[in-house]
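Enquirer: The structure that follows is given in the form of structure tokens.
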Amino acid sequence: MKALIFAAGRGERMRPLTDSCPKPLLKVRGRPLIVWHILNLVRAGITEIVINHSHLGHMIVDSLGTGENFGARISYSAEETALETAGGIAQARALLGDEPFVAVAGDIYCPHFDFSQVKSVLEDNDVWGNPHPADRRDVAWLYLVKNPEHHPQGDFALNSFSVANEGGPRYTFSGIGVYRPEIFNEIQPGQTAKLAPILRAWAERGQVGGDIYRGDWFDVGTPERLAALNAPYAEKTVRH
């Protein structure tokens, strides 16, 4: 399995920090955010990693190189202007191949996420071992987390490992998901497109699975949240 790390965003809410540093290179507890992901992916045996970039992208390439220092093989998908998440996937399709891949937001901190679990979640069998009909198999698998204070309404409901647009209780999408590449067939390379509408459309058809991640997770979206994580006496376990 290959991985895609989203690293093309401008990081407007993180300004002025991101005026001179791409958000995924901002350090949390002594290590760039994106490096936490790379090390966790490699630990799980996922070593072929694609990173998209746009704003100050050369700094990401210069910092990470080929990935050899991390035990990874890193390829880069450059975007002249950021293409949003689904657009970034479409732009990187040639590098990702035809098999399901895991995608990770470059601006989240989840130091203990076990990526070994993502390898089998889109197998053509459900949790009971019975084959899915071809038109009902899951095309995506999302990891959801408890709603943080800044996003109390959540994104999706979860019913028996099935992600739904309506209902409750509701959870927030963590930024970690596994996708079949064919769900992006209608997006052309270079086209700007968001991921959320695609996920909601497939969820409406009952073809998005998911689970709740209960480990440490933090959306590093503002300088204040970054400072809280890096505070000398920050709690050992920080969530949201």
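So that you can scan it fast, the table gives a plain yes or no per residue for (1) of a type in the set (D, E, K, R); (2) modelled with pLDDT of 95 or more:
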residue	(1), (2)
Ala105	no, yes
Ser120	no, no
Glu123	yes, no
Asn130	no, no
Pro133	no, no
Leu144	no, yes
His151	no, no
Ser162	no, no
Phe173	no, yes
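Enquirer: I've got another one for you. Can you tell me how many residues within the range 43-77 are touching a strand residue (DSSP E or B) at 6+ places or on another chain (Cβ under 8 Å) and at pLDDT below 95?
Expert: First, the residues of the range 43-77 that are touching a strand residue (DSSP E or B) at 6+ places or on another chain (Cβ under 8 Å): 46-54, 57, 60-61, 63-67, 72-77.
Of the ones still in play, those that are also at pLDDT below 95 are 54, 57.
Number satisfying all stated conditions: 2.
Enquirer: Can you name the condition, by its number, that Lys2 falls short on among (1) under 15 Å from the mean Cα position of the chain (by Cα); (2) surrounded by fewer than 16 Cβ atoms within 10 Å (Cβ to Cβ); (3) among the charged types (D, E, K, R)?
Expert: (2)
Yes/no matrix, rows are residues, columns are (1) over 20 Å from Gly30 (Cα atoms); (2) surrounded by fewer than 18 Cβ atoms within 10 Å (Cβ to Cβ); (3) under 17 Å from the mean Cα position of the chain (by Cα):
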residue	(1), (2), (3)
Leu64	no, no, no
Asn69	no, yes, no
Ala78	yes, yes, no
Leu83	yes, no, yes
Gly106	no, no, yes
Phe115	yes, no, yes
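Enquirer: Starting from residues that are assigned to a loop (DSSP other than H, G, I, E, B) and touching a Ser or Thr at 6+ places or on another chain (Cβ under 9 Å), keep the ones in the range 216-240 and report whichever is modelled with the highest pLDDT. Show your work before the answer.
Expert: Kept after step one, since they are assigned to a loop (DSSP other than H, G, I, E, B), are these residues of the range 216-240: 216-217, 220-222, 231-240.
Then keep just the ones that are touching a Ser or Thr at 6+ places or on another chain (Cβ under 9 Å); that gives 216-217, 240.
Working: Asp216: 92, Trp217: 95, His240: 43.
Result: Trp217.
Enquirer: In addition: Any residue in the range 104-119 that's in contact (Cβ under 8 Å) with a residue 60 or more places away in the chain: show its pairings with residues that are part of a loop (DSSP other than H, G, I, E, B) and acidic (Asp, Glu) at Cβ separation under 9 Å, as long as the two are six or more apart or on different chains.
Expert: Within 9 Å, the pairs are Tyr109/Asp216; Cys110/Asp216; Pro111/Asp216; His112/Asp216; Phe113/Asp216.
Enquirer: Whether any residue in the range 190-205 is more than 19 Å from Ala86 (Cβ to Cβ) and either over 21 Å from the mean Cα position of the chain (by Cα) or touching a residue at least 60 places away in the same chain (Cβ under 8 Å) (or both) is what I want to check. Break it down into steps so the answer makes sense when it comes.
Expert: Taking the range 190-205 first, the residues more than 19 Å from Ala86 (Cβ to Cβ) are none.
Looking for residues that are more than 19 Å from Ala86 (Cβ to Cβ) and either over 21 Å from the mean Cα position of the chain (by Cα) or touching a residue at least 60 places away in the same chain (Cβ under 8 Å) (or both), one finds none in the range 190-205, hence no.
Enquirer: If a residue has to be under 20 Å from Val118 (Cα atoms) and touching a strand residue (DSSP E or B) at 6+ places or on another chain (Cβ under 7 Å) to count, how many in the range 78-91 make the cut? Full working, then the answer.
Expert: Here is the first cut: in the range 78-91, the residues under 20 Å from Val118 (Cα atoms) are 85-86, 89.
Applying the additional criterion that residues be touching a strand residue (DSSP E or B) at 6+ places or on another chain (Cβ under 7 Å) yields 85, 89.
Total meeting the criteria: 2.
The values are calculated or read from the model by the stated rules, or taken from the named source; none is laboratory data. Because the structure is a prediction, the values reported are computed rather than measured. Backbone-built Cβ (ideal geometry, glycine too); neighbour counts: all protein chains shown.
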